[in-house]
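The values are calculated or read from the model by the stated rules, or taken from the named source; none is laboratory data. Given the structure is predicted, the values throughout are model-derived calculations rather than measurements. Glycine gets a Cβ as well: all are built from the backbone with ideal geometry, and neighbour counts include every protein chain shown.
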Amino acid sequence: MIQRDIYLMNAAYLFAKAEAEKDSAIRGDFENMARAYLRLADQAVRNAQNDIVYETPPAERDRDRL
């Protein structure tokens, strides 16, 4: 399972908990957390599309030669 799917499952779970909650403050908290998981799912998709290569910076002694 990819990270996006885990975030989406968490969001669905929290939306379900919000629906069942009678206290409006707690319901709002569940909904806010669910929306945060939806944003994380979107970010996971964008991160999966990036191909980032890290290059170690030159050592101090090599910087003078550049």
If a residue must be loosely packed, with under 11 Cβ neighbours inside 10 Å, modelled with pLDDT of 95 or more and basic (Lys, Arg), how many such residues does the stretch 21-49 contain?
1
With the first residue restricted to the stretch 28-56 and required to be under 10 Å from TYR7 (Cα atoms), and the second required to be of a type in the set (S, T, N, Q), Cβ contacts under 9 Å at 6 or more apart or on different chains are ALA34/ASN10; TYR37/ASN10; LEU40/GLN3; LEU40/ASN10; ALA41/GLN3; ALA41/ASN10; ALA44/GLN3
